[in-house]
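Enquirer: Here it is, the structure, as structure tokens.
The values are calculated or read from the model by the stated rules, or taken from the named source; none is laboratory data. The shown structure was predicted, so the numbers you read here are calculated from the model rather than taken from an experiment. Cβ: placed from backbone, ideal geometry, glycine included. Neighbour counts: every protein chain shown. Heads up: the accessible areas ignore ligands, DNA and RNA and are worked out on the full protein's heavy atoms, side chains in. Shrake-Rupley method; radii C 1.70, N 1.55, O 1.52, S 1.80 Å.
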Amino acid sequence: MSMYGRDPWGGPLEIHATDSATDDDRSRNLQDFDRAAISRPLDETQQSWLLGPHEQKKKKYVDLGCIIVSRKVFVWTVGTILAAGFLAGFITLIVKTVPRHHHRAPPPDNYTMALHKALMFFNAQRSGKLPKHNNVSWRGNSCLNDGKGDNSVASAGIKDLVGGYYDAGDAIKFNFPASFAMTMLSWSVIEYSAKYEAAGELNHVKEIIKWGTDYFLKCFNSTADQINTLVSQVGVGDTSKGSDANDHYCWMRPEDIDYDRPVAQCGSCSDLSAEMAAALASASIVFKDDKAYSQKLVHGAKTLFRFSREQRGRYSVGADAEKFYNSTGYWDEFVWGASWLYYATGNSSYLQLATTPGLAKHAGAFWGGPDYGVLSWDNKLAGAQVLLTRLRLFLSPGYPYEEILHTFHNQTDIFMCSFLPFFTSFNRTRGGLIQLNHGRPQPLQYAANAAFLATLYSDYLAAADTPGWKCGPNFYTTDVLRQFAETQIDYILGKNPRKMSYVVGFGNHYPKHVHHRGASIPKNKIKYNCKGGWKWRDTSKPNPNTLVGAMVAGPDRFDGFHDIRTNYNYTEPTLAGNAGLVAALVALSGEKGERSARIDKNTIFSAVPPMFPTPPPPPAPWKP
């Protein structure tokens, strides 16, 4: 019996029932089959039927369940992962086993170290109830009755006059130089807040400024929109009228003062009120993040400036301050105060006033003179010119301000030239100290202010991508200005013929007989009366307390210096002098070569609106 089927190779397939061979037998028979007899190539399936298990080809792909990949790619991938893991582990082992060398931060430069100390002077000058963290061990609460019980003060809406700063080595609070000092400190913070932050002194300097502005707000009715009187001074220094106990006749620790401290007020004091307005306005920018306090300062500044314009006059005429801080005019304070109020408020009326040619003319902007370009507690014109040149460099407001701003810019260039040693506007000592006050005593405060202006102006030019400026036909780079500033501050810090640092506590050789009551009398639980302290004034022994950071008045025009306590023209420090020093030190601080981000270009303009109106929207598209 036979059965026929379909042969896969073509032709009939015959199966005999009598063929009882098993599958294994047939497989063995196939192995003996002559492969050469196959005349045509077989596909892979056909070959698998004929070839035995030991001759099957190796698979070219790997089935991973979710994906099928080439065996070669799979092997390379796994090998690469293993090799990378081994290499990473080897590197980690090396890193963990090799000893580490920690690179220390570079030591602070001399300017930063001096800055720390110069700020401490203000802590030592505080009056009133001191904060717990004042960090001057020999100082305590003092003059807690200032302004109390004075009917004339109370009638002006003033509760008390506790607080503020003592001006110098005495316990008098002169508001005119103190206002200038706070303005200078605020200006330095506005421009160089990042440097203060890097030095760890930003909060400290802001506390110093606020201690001053809190006191200024007490000196008039700061809640009113209009006032008719302003406190100019607390304490008396004139000793020509006899032996009445006062702040100059007596030599006492401020904590032990028991004599009366009269309060001086003024009804026509344009210079003082405009300067105090500048102090409050500049501080409002420093504290712009504290909106309530900043607005309080702005309101006070507006009130004071309005008072300065309505009641014309010099504060020092016939006053006790005439002998110590006599004001020569108030026109420079008008330009200065109006400039700061413009930056604080953005109100263009203040800018219009600050750029009025008549004000600049009365302030001496066009006629020069021996003190032209010299910034001081009395004359702020140079500071105002630099401040308004900043506006032209960075915002360029154009008409109608451009003409006078261009003039101020040229004048700034001119007095910057006068600072350079190539010109003879000012003499210099053999040691290199510029004589901005023409050989008169106390030269260091003027040199410090000039160093600040020169450094600041060089940073303005650098930020405006301007490599320098011209002095006549000659071009000078901004580095020349910075070099001038460095030579002056280096002189103050000890690079002078006497090898003496004129900042107390800085370096190894500095004045030990500073003209200062609190520093010269020991804190030994003994209260020395008015004349009892004279023995400490007249002793040749060094001060028992170190007045850290105080910049003394300085040497004479021959680089000579006498470390004598009774000679205040050499050894007395002042608030205004130290404020200029702090400003110059922070401007110069930091690593050399850090030309970028030296100043904060924008903070001072935070309240200033856009110089040009927003252009109108484009017209609607035309439709037929």
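Enquirer: Among the residues of the range 479-499, is there at least one that is in contact with a Lys or Arg (Cβ under 7 Å, 6 or more places away or on another chain) and among the polar types (S, T, N, Q)?
Expert: no
Enquirer: For the subset of the range 409-422 comprising residues that are of a type in the set (Phe, Trp, Tyr) and touching a strand residue (DSSP E or B) at 6+ places or on another chain (Cβ under 9 Å), which member is farthest from ASN496 (Cα to Cα)? Spell out how you get there, then give the answer.
Expert: Within the range 409-422, the subset of a type in the set (Phe, Trp, Tyr) is 415, 419, 422.
Within this subset, residues satisfying the condition of being touching a strand residue (DSSP E or B) at 6+ places or on another chain (Cβ under 9 Å) are 419, 422.
Values: PHE419: 18, PHE422: 20 Å.
Among those residues, the one meeting the criterion is PHE422.
Here's the yes/no breakdown for (1) touching an Asp or Glu at 6+ places or on another chain (Cβ under 7 Å); (2) assigned to a helix (DSSP H, G or I); (3) not hydrophobic (A, V, I, L, M, F, W, C):
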site: GLU322; (1), (2), (3): no, yes, yes
site: SER327; (1), (2), (3): yes, no, yes
site: VAL335; (1), (2), (3): no, yes, no
site: TRP340; (1), (2), (3): no, yes, no
site: TYR343; (1), (2), (3): no, yes, yes
site: GLN352; (1), (2), (3): no, yes, yes
site: LEU359; (1), (2), (3): no, yes, no
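Table: residues versus (1) crowded, with 21+ Cβ neighbours inside 10 Å; (2) not in a helix (DSSP H, G or I).
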site	(1), (2)
ALA485	yes, no
GLN488	yes, no
GLY505	no, yes
HIS515	yes, yes
LYS525	no, yes
CYS530	no, yes
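Enquirer: Let me ask something else about it. Residue check, TRP469 against (1) surrounded by fewer than 19 Cβ atoms within 10 Å (Cβ to Cβ); (2) touching a Leu at 6+ places or on another chain (Cβ under 9 Å); (3) of a type in the set (Phe, Trp, Tyr), all met but one. Which one?
Expert: (1)
Enquirer: Please go through the range 472-483 and give me each residue that is open to solvent by 50 Å² or more (accessible area, probe 1.4 Å) and either more than 21 Å from the chain's Cα centre (by Cα) or in contact (Cβ under 8 Å) with a residue 60 or more places away in the chain (or both), ordered by number. It would help to see each step written out before you state the result.
Expert: Initial filter on the range 472-483 (open to solvent by 50 Å² or more (accessible area, probe 1.4 Å)): 472-475, 477, 479, 483.
Matches in the range 472-483: GLY472, PRO473, ASN474, PHE475, THR477.
Enquirer: The conditions are (1) out of contact with any strand residue (DSSP E or B) (no Cβ under 7 Å at 6 or more places or on another chain); (2) in contact (Cβ under 8 Å) with a residue 40 or more places away in the chain; (3) in a loop (DSSP other than H, G, I, E, B), and ASP260 fails exactly one of them. Which is it?
Expert: ASP260 satisfies every listed condition except (2).
Enquirer: Can you say whether ASP238 is touching an Asp or Glu at 6+ places or on another chain (Cβ under 7 Å) and surrounded by 21 or more Cβ atoms within 10 Å (Cβ to Cβ), as far as the supplied structure shows? Spell out how you get there, then give the answer.
Expert: Values: touching an Asp or Glu at 6+ places or on another chain (Cβ under 7 Å): yes; surrounded by 21 or more Cβ atoms within 10 Å (Cβ to Cβ): no.
So ASP238 does not fit the description; no.
Enquirer: Let me ask something else about it. Looking only at the range 113-143, which residues are polar (S, T, N, Q), open to solvent by less than 20 Å² (accessible area, probe 1.4 Å) and in contact (Cβ under 8 Å) with a residue 24 or more places away in the chain? Working first, answer last.
Expert: Residues of the range 113-143 polar (S, T, N, Q): 123, 125, 127, 134-135, 137, 141-142.
Next, only the ones that are open to solvent by less than 20 Å² (accessible area, probe 1.4 Å) stay: 123, 125, 127, 134, 142.
ASN123, GLN125, SER127, SER142, listed by residue number.
Enquirer: Every residue in the range 382-422 that is aliphatic (A, V, I, L, M), open to solvent by 10 Å² or more (accessible area, probe 1.4 Å) and either touching a helix residue (DSSP H, G or I) at 6+ places or on another chain (Cβ under 6 Å) or free of Cβ contacts under 8 Å to residues at least 60 places away in the same chain (or both), please. Steps first, answer last, please.
Expert: Start the filter on the range 382-422 by keeping residues that are aliphatic (A, V, I, L, M), which leaves 382, 384, 386-388, 391, 393, 395, 404-405, 414, 416, 420.
From what's left, open to solvent by 10 Å² or more (accessible area, probe 1.4 Å): 393, 395, 404, 414.
Once the filter is applied, which keeps residues that are aliphatic (A, V, I, L, M), open to solvent by 10 Å² or more (accessible area, probe 1.4 Å) and either touching a helix residue (DSSP H, G or I) at 6+ places or on another chain (Cβ under 6 Å) or free of Cβ contacts under 8 Å to residues at least 60 places away in the same chain (or both), the range 382-422 yields LEU393, ILE404, ILE414.
Enquirer: With respect to GLY369, determine if the residue is outside any helix (DSSP H, G or I) and closer than 30 Å to ALA321 by Cβ. Quick ask: steps written out before the conclusion?
Expert: Details: outside any helix (DSSP H, G or I): yes; closer than 30 Å to ALA321 by Cβ: yes.
When the stated conditions are applied, GLY369 passes them.
Enquirer: Still on this structure: Can you work out which of the residues in the range 538-562 that are farther than 22 Å from LYS523 by Cβ and of a type outside the set (A, V, I, L, M, F, W, C) is most open to solvent (accessible area, probe 1.4 Å)?
Expert: The first filter runs over the range 538-562 and keeps only residues farther than 22 Å from LYS523 by Cβ, leaving 551, 553-562.
Next, only the ones that are of a type outside the set (A, V, I, L, M, F, W, C) stay: 554-557, 559-560, 562.
Numbers: GLY554: 1, PRO555: 4, ASP556: 44, ARG557: 131, ASP559: 11, GLY560: 19, HIS562: 93 Å².
Checked the range 538-562; the qualifying residue most open to solvent (accessible area, probe 1.4 Å) is ARG557.
Enquirer: Please indicate, with yes or no, whether at least one residue in the range 449-456 is open to solvent by 30 Å² or more (accessible area, probe 1.4 Å) and modelled with pLDDT of 95 or more. Steps first, answer last, please.
Expert: Taking the range 449-456 first, the residues open to solvent by 30 Å² or more (accessible area, probe 1.4 Å) are none.
For the range 449-456, residues open to solvent by 30 Å² or more (accessible area, probe 1.4 Å) and modelled with pLDDT of 95 or more: absent.
Enquirer: Can you work out which of the residues in the range 423-446 that are in contact with a strand residue (DSSP E or B) (Cβ under 9 Å, 6 or more places away or on another chain) and in contact (Cβ under 8 Å) with a residue 60 or more places away in the chain is nearest to MET500 (Cα to Cα)?
Expert: Going residue by residue through the range 423-446, those that are in contact with a strand residue (DSSP E or B) (Cβ under 9 Å, 6 or more places away or on another chain) are 423, 426-428, 434-435, 443-446.
Narrowing the set further to residues that are in contact (Cβ under 8 Å) with a residue 60 or more places away in the chain leaves 427, 435, 443-446.
Values: ASN427: 21, GLN435: 18, PRO443: 15, LEU444: 13, GLN445: 16, TYR446: 19 Å.
Ranking the candidates gives LEU444 first.
Enquirer: Still on this structure, please answer the following. If a residue must be in contact with a strand residue (DSSP E or B) (Cβ under 6 Å, 6 or more places away or on another chain), assigned to a loop (DSSP other than H, G, I, E, B) and not hydroxyl-bearing (Ser, Thr, Tyr), how many such residues does the range 200-234 contain?
Expert: The total comes to 2.
Enquirer: Restricting attention to the range 263-277, report how many residues are more than 13 Å from PHE174 (Cβ to Cβ) and part of a helix (DSSP H, G or I).
Expert: Total meeting the criteria: 4.
Enquirer: Right, something else. Are there any pairs, at least 6 apart or on different chains, whose C-beta atoms fall under 8 Å, with the first in the range 196-224 and closer than 18 Å to PHE122 by Cα and the second part of a helix (DSSP H, G or I) and open to solvent by 50 Å² or more (accessible area, probe 1.4 Å), and if so, which?
Expert: As it stands, the answer is ALA199/HIS116; GLU201/HIS116, since those pairs meet every condition given.
Enquirer: Count, please, the residues in the range 188-213 that happen to be more than 23 Å from PRO131 (Cα to Cα) and surrounded by fewer than 24 Cβ atoms within 10 Å (Cβ to Cβ).
Expert: Keep residues of the range 188-213 that are more than 23 Å from PRO131 (Cα to Cα), which gives 188, 190-195, 198.
Filter once more, keeping what is surrounded by fewer than 24 Cβ atoms within 10 Å (Cβ to Cβ): 190, 193-194, 198.
Total meeting the criteria: 4.
Enquirer: In the range 278-316, which residue that is open to solvent by less than 50 Å² (accessible area, probe 1.4 Å) and not in a helix (DSSP H, G or I) is farthest from GLN233 (Cα to Cα)?
Expert: First pass over the range 278-316, keeping only residues open to solvent by less than 50 Å² (accessible area, probe 1.4 Å): 278-287, 293-294, 297-298, 300-301, 303-305, 307-308, 313, 315-316.
Restricting the remaining residues to those that are not in a helix (DSSP H, G or I) gives 287, 313, 315-316.
Details: PHE287: 26, GLY313: 16, TYR315: 10, SER316: 10 Å.
Taking the candidates together, the pick is PHE287.
Per-residue answers, yes or no, for (1) closer than 19 Å to ASN123 by Cβ; (2) of a type in the set (Gly, Ala, Ser); (3) at pLDDT below 95:
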site	(1), (2), (3)
TYR502	no, no, no
HIS562	no, no, no
ARG565	no, no, no
ALA587	no, yes, no
ARG595	no, no, yes
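Enquirer: While we're looking at this one, here's another question. Determine which member of the set GLY369, GLY431 is of a type in the set (Gly, Ala, Ser), open to solvent by 20 Å² or more (accessible area, probe 1.4 Å), more than 25 Å from the chain's Cα centre (by Cα) and modelled with pLDDT of 95 or more. Spell out how you get there, then give the answer.
Expert: Numbers: GLY369 fails: modelled with pLDDT of 95 or more.
None of the others qualify; the one that does is GLY431.
Enquirer: Filter the range 527-559 for residues that are of a type in the set (Gly, Ala, Ser) and closer than 19 Å to ASP490 by Cβ and give the result.
Expert: If we filter the range 527-559 for residues that are of a type in the set (Gly, Ala, Ser), which is where we start, we get 532-533, 540, 549-550, 553-554.
Answer for the range 527-559, where residues must be of a type in the set (Gly, Ala, Ser) and closer than 19 Å to ASP490 by Cβ: GLY549, ALA550, ALA553, GLY554.
Enquirer: Of ALA360, ALA278, which residue is touching a residue at least 60 places away in the same chain (Cβ under 8 Å) and either among the aliphatic types (A, V, I, L, M) or in contact with a helix residue (DSSP H, G or I) (Cβ under 9 Å, 6 or more places away or on another chain) (or both)?
Expert: Values: ALA360 fails: touching a residue at least 60 places away in the same chain (Cβ under 8 Å).
Matching residue, one of ALA360, ALA278: ALA278.
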